[in-house]
Every structure is written in C-alpha cells, then in structure tokens.
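J.: Input: one structure, supplied below.
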Amino acid sequence: MPKLTDYVKMAAETYLEETGNTELNAHWIAEFFQDCGVQDAYPRQDLIAFAEMVQKELTKKDERAAKKTRFLLDKAIRTIKSPRKSYGP
C-alpha cells in the first residue's frame, strides 16, 4: 500500500498536469480522494487535512519553480552583460 505522502505527491503532480494551476479545486481533490483509493487505504484520513497537505505540496512546487526561473533568468542576464572573451583571431 502506498504511503500517504505518496498519495499527496501523486495528487499534486496529477493536478498540476491536468489543470496547470496551483490553487487546489475542492471538487477535484474530493474525487481524487475517493477514486484513487486514499479513502480506502486510509479510512481515518480526513479529506480536509488531505487537501491541505496537497495544497502545501502544490505551493512548495510553485515556489521551487519560481526560484529556478529566477536563477536561470539571473544567469542569462549575467551572460548577456559580460560575454565571454574570445582569444581567437
């Protein structure tokens, strides 16, 4: 049986792929909770708590993507400002 954290990551990844959005939809997560077996595997798990965990994972992924984008943009700007010197003819 998958761990609860595996379900959380799977839900976040699936939601991002299907919607491209980082704000979790209540109907979507309720369907995932029931249809993907979370409810069966973890009958004591609260849907609201699960949705909060998935939203936290989505926020974490969004922050990582923004950080990576800023890093790559900064790197590209530095490359443009100071091009490499060529030592050829």
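J.: Please determine whether any residue of the stretch 47-59 is at pLDDT below 95, over 14 Å from K9 (Cβ atoms), more than 11 Å from the chain's Cα centre (by Cα) and open to solvent by 70 Å² or more (accessible area, probe 1.4 Å).
T.: So far as the stretch 47-59 goes, no, none of its residues is at pLDDT below 95, over 14 Å from K9 (Cβ atoms), more than 11 Å from the chain's Cα centre (by Cα) and open to solvent by 70 Å² or more (accessible area, probe 1.4 Å).
J.: Continuing with this model, one more query. Just to confirm my filter: which helices (runs of 4 or more DSSP H) fall fully inside the stretch 3-89 and include at least 3 residues that are without any contact (Cβ under 8 Å) to a residue 12 or more places away in the chain?
T.: On the way: elements: 4-19, 26-35, 38-41, 47-81.
In the stretch 3-89, the matching helices (runs of 4 or more DSSP H) lie at 4-19, 26-35, 47-81.
J.: Which one of F50, F71 is within 30 Å of K3 (Cβ to Cβ), of a type in the set (F, W, Y) and out of contact with any strand residue (DSSP E or B) (no Cβ under 7 Å at 6 or more places or on another chain)? First the steps, then the outcome.
T.: Working: F71 fails: within 30 Å of K3 (Cβ to Cβ).
Of F50, F71, the one residue that is within 30 Å of K3 (Cβ to Cβ), of a type in the set (F, W, Y) and out of contact with any strand residue (DSSP E or B) (no Cβ under 7 Å at 6 or more places or on another chain) is F50.
The values are calculated or read from the model by the stated rules, or taken from the named source; none is laboratory data. This structure is a prediction, so every number in the text was calculated from the model and none was measured. Every residue, glycine among them, receives a Cβ derived from its backbone with ideal geometry; neighbour counts consider all protein chains shown. Only protein heavy atoms, including side chains, enter the accessible area calculation; ligands, DNA and RNA are left aside. Shrake-Rupley method; radii C 1.70, N 1.55, O 1.52, S 1.80 Å.
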